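No value in this document is a laboratory result; all are computed from the given coordinates. Note that this is a predicted model, so its numbers are computed, not measured. Quick reminder, even Gly has a Cβ in these numbers, built from the backbone with ideal geometry, and neighbours come from all protein chains shown.
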Protein chains: 2
Amino acid sequence: MSRYFSQKYASLVPYTPGEQPKDMRYIKLNTNESPFPPSPMAQSLARQAAGDLNLYSDPECRELVALAAQKLGVQPDQILFTNGSDEILNFAFMAYCDQEHPAVFPDITYGFYPVFAKINNVPYVQLPLGEDFSIRIEDYIGLNKTVFIANPNAPTGIALPLADIERIVAGNPDGIVVIDEAYVDFGAQSAVSLISKYDNLLVTQTFSKSRSMAGARLGFGVGNAKLIQDLNTVKYSTNPYNINRMTMAAGIGALADEAYFQKNCRAIMETRAWTMDMLRQRGFTAPESMTNFVFAKHPGVDGKTLYQKLRQKGILVRHFDAPKLTDYNRITIGSQEQMQAFISAVDEILEETL
Amino acid sequence: MSRYFSQKYASLVPYTPGEQPKDMRYIKLNTNESPFPPSPMAQSLARQAAGDLNLYSDPECRELVALAAQKLGVQPDQILFTNGSDEILNFAFMAYCDQEHPAVFPDITYGFYPVFAKINNVPYVQLPLGEDFSIRIEDYIGLNKTVFIANPNAPTGIALPLADIERIVAGNPDGIVVIDEAYVDFGAQSAVSLISKYDNLLVTQTFSKSRSMAGARLGFGVGNAKLIQDLNTVKYSTNPYNINRMTMAAGIGALADEAYFQKNCRAIMETRAWTMDMLRQRGFTAPESMTNFVFAKHPGVDGKTLYQKLRQKGILVRHFDAPKLTDYNRITIGSQEQMQAFISAVDEILEETL
């Protein structure tokens, strides 16, 4: 830290992304990436856009917004695209949280929420999950705070049904409720259908997981037009050209190629069911997952040991060194071949250890 | 604005980017884009990267940073890449400005500085330029504030010599001085050589203009390692994967293709000299420009009228509706053919008007 760094950030501890080691070739099951390449249509449109990079991208992303609006059944003025969904989440913290409107979210959820709160100097409350990692709906009613719920939640993988999400939204008419649907496409129910009914609901999604575009950085928010206007005010006050031409083009291709998207989501869900079976057969327990990862623990091997032994065998999973999470590992669902390699490695480790 | 929008932003007026109309095909001389496509190497590497978008980009941008460090003659830990240079400028406002450290910049400069100050709730002071649009160095000594200087300045195009920049940096040992070099490659002197001598200097640059990559969104900051560490803390607290894979690859290609870069910068400077000659022959006055634009006025046609008449003829330039600027237009230097079309249109307008 330099002696010039603003005192307001003196105690800031930034978010730590999943490791991206370069020392050897790993099977990467640690950052919830898709094992499938982006849609051929997405690739082709992105490549075409590379020739026009001398011209600024459209700050309004009109073509992408129009297509997304059509696919989601909303109006174009109800969508805002951002540089990954981290950007729209940060915009929501900026626009809807302040000293009078603290943020509230579960104690176990996306690890970036407390970081967003701190960088924006916003107070926040972390509500404990139930013993089974469930979100207790009644804790989230009548808070008069800005609520952030990842649905499905991370790293647990557990999804709330739409009716529960609606109870939370309806139960906080004086506060914004942000539903972070980064993983919604793997079997959970989206709250997008509620945005015209509730003026306090912002739904965020990403192209990183189900659309195979983590490396393109594309996310978006959906909400009533006034919320989107607020968030646009923030965008045009920080980075009006936040989406580059190639990513915008890839996004259009990814949305257009509905069949490819559906096929990949189905493949992940099938491989998830197979992986869950294999893990349970070996004594692991894991909450039912509606995401592209499973969150599993074994009574005979502690979480950190399993993580380290898998790493030695060239398989990366994500281990969180926090009290309630340390028994577990978050394992991304890769291709069927990758998961077979993972299960074989698990078998070797269990044999060595038990 | 929604009723939920934080009061702290109630009076926020966002930055207005240059218009990008779609109603007809214009000769665009209004947003300082390059008339040349990006380097073939940049295009080719970007296209290759489109196949790997399912994987996150490297948050540390190691390969790009290593090449840039080599080209600039600095260490890798002295560089940070961002999603356009707007992002590094915003990071600098976040990291180095607060109630005790107001921002200070000229009253006529990049219009985004006051917006960055407002979105970050930072007080700011605007120091008037001289009558001839010059920055008065003595006004910037011993301020104990965070100084932002665009060099060359926009929209005037005027550059300060390196010795004057050094006086400002040396004259503010207790405050950060940010030198925004968006336009430095068109004939001005960069302050990058000073970063190892002064721990309070941050230099920012962009690939948008001289590297033909406005649509790719790539900028960076150069400063001593502790400043870069501060700015990384901000980055990892807002958007760790701020640069996508395709832009990162294009940046590597653009840096590698030194000959293409030099050739394009020379072409712009030659066309600028020709354009300036033509304008002066027709009675325009304009400060000497070290950028890819000229800032010109004519005694017989007011700025707004000229802007509107050019627009009717299919040529876009940028007019600023502010008291000291309203006589002028900022005209991007395009290709020689575009500037010939521009001068012909000017001739027609002068004939009609005078």
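Summed over the range B:23-41, the residues that are without any contact (Cβ under 8 Å) to a residue 60 or more places away in the chain and at the interface with another protein chain (Cβ under 8 Å from one of its Cβ atoms) give a count of 0.
For the range B:48-77, residues that are touching a residue at least 24 places away in the same chain (Cβ under 8 Å), under 24 Å from B:ALA259 (Cβ atoms) and assigned to a helix (DSSP H, G or I) total 8.
In the range A:312-354, how many are within 18 Å of B:LEU55 (Cβ to Cβ) and either in contact with a Lys or Arg (Cβ under 6 Å, 6 or more places away or on another chain) or among the charged types (D, E, K, R) (or both)?
5
In the set (1) farther than 30 Å from B:THR247 by Cα; (2) within 11 Å of chain B (Cβ to nearest Cβ); (3) without any contact (Cβ under 8 Å) to a residue 60 or more places away in the chain; (4) not polar (S, T, N, Q), A:ILE176 fails one condition alone, (3).
Residues in the range B:117-126 that are touching a strand residue (DSSP E or B) at 6+ places or on another chain (Cβ under 6 Å) and surrounded by 15 or more Cβ atoms within 10 Å (Cβ to Cβ): B:ALA117, B:VAL122, B:TYR124. Among the residues of the range A:45-74, those that are of a type in the set (S, T, N, Q) and either buried (at least 16 other Cβ atoms within 10 Å of the Cβ) or within 7 Å of another protein chain (Cβ to nearest Cβ) (or both) comprise A:ASN54, A:SER57. Among the residues of the range A:8-22, those identified as over 30 Å from A:PHE295 (Cα atoms) and more than 7 Å from chain B (Cβ to nearest Cβ) are A:ALA10, A:SER11. Report whether or not A:VAL234 is β-branched (Val, Ile, Thr), in contact with a strand residue (DSSP E or B) (Cβ under 9 Å, 6 or more places away or on another chain) and buried (at least 21 other Cβ atoms within 10 Å of the Cβ). Answer is no for this residue.
Give the residues of the range B:148-174 that are within 18 Å of B:PRO102 (Cβ to Cβ) and surrounded by fewer than 22 Cβ atoms within 10 Å (Cβ to Cβ), sorted by residue number. Residues satisfying the conditions are B:GLY171, B:PRO173, B:ASP174. Note on the range A:208-224: among residues that are more than 9 Å from chain B (Cβ to nearest Cβ) and hydrophobic (A, V, I, L, M, F, W, C), the one that is surrounded by the fewest Cβ atoms within 10 Å (Cβ to Cβ) is A:PHE220.
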